[in-house]
Amino acid sequence: MKIFLDTADIDQITSLMPSQMVDGVTTNPSLIAKSGRDIKQTIAEICTIVPGPVSAEVTATDLATMRKEADVLSAIADNVAVKVPLTPDGLQLCAELSAQGIMVNVTLCFTAGQALLAAKAGARFISPFVGRLDDLGQDGMGLISDIVDIYSNYDFATEVLVASVRSTQHVTDAAIMGADVVTIPPAILGQLYKHPLTDKGLDAFLADWQKTGQSIL
Ligand code: E4P
């Protein structure tokens, strides 16, 4: 399963690239707003740091304007995935861009029916928002399971990109279900490394090692 970082924070992305765990980046208008920076400059910088797909979202809602925005965003770099909302106009643009060989990430997916339409529109990625469904008391990961099954039934090439991730449990559940990608806030990548027994075990090994008086170097 690929891991994308869900952030527009260049410093955080730069610091996590050497870990070899980061396969791509997703941004959205809220994350760009949080960065306080220009969208085109920010996406261009991220694309030089991260060789994998970097999602940049259109902000218009009508087809004609979204088309123009998509042209600007996709021209920034070859690894830009244009992010479009799951609306009729968004899916029409998805079909057009996909036919041109441009990666499209269809965002704001909350039902399996919506995911089916995105796959039929040729999306490279579908982004179901699990955390926002959980927030409403609904079953976010149940939606992932349904979409993985539907895409497998029909051999759709669209990758299931689990978004709105709130916990490491979401990440492991996504992997168990066979999702293609999970996009996570940088803090959750840090949490994935951690277990108290790892820390405790390491302390004990090091204490025992010190008693031997040996040195490997
Ligand atoms: C990613 O593509 C989404 O925009 C993001 O995961 C949404 O997460 P949120 O629900 O925490 O805002």
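No value in this document is a laboratory result; all are computed from the given coordinates. Quick caveat, the model's predicted, so the values are computed rather than measured. So basically every Cβ, Gly included, is an ideal-geometry build from the backbone, and we count neighbours across all protein chains shown.
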**Request:** Could you please give the count of residues in segment 70-97 that are surrounded by fewer than 19 Cβ atoms within 10 Å (Cβ to Cβ) and more than 22 Å from THR42 (Cα to Cα)?
**Result:** 6
**Message:** I'm trying to understand the selection: among the residues of segment 44-60, which are touching a strand residue (DSSP E or B) at 6+ places or on another chain (Cβ under 7 Å) and over 16 Å from MET17 (Cβ atoms)?
**Reply:** SER55, ALA56, GLU57, VAL58
**Complete:** If we keep only residues of segment 98-110 that are polar (S, T, N, Q) and closer than 15 Å to VAL162 by Cβ, then the residue surrounded by the fewest Cβ atoms within 10 Å (Cβ to Cβ) is THR107
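Going through THR107, THR59 one at a time, which residue ends up being within 20 Å of ILE39 (Cβ to Cβ) and touching a helix residue (DSSP H, G or I) at 6+ places or on another chain (Cβ under 8 Å)?
Details: THR107 fails: touching a helix residue (DSSP H, G or I) at 6+ places or on another chain (Cβ under 8 Å).
The match here is THR59.
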**Request:** Spot the failing condition for ILE188; the list is (1) away from the ligand (no atom under 15 Å from the Cβ); (2) of a type outside the set (Asp, Glu); (3) free of Cβ contacts under 8 Å to residues at least 24 places away in the same chain, and only one is missed.
**Result:** (1)
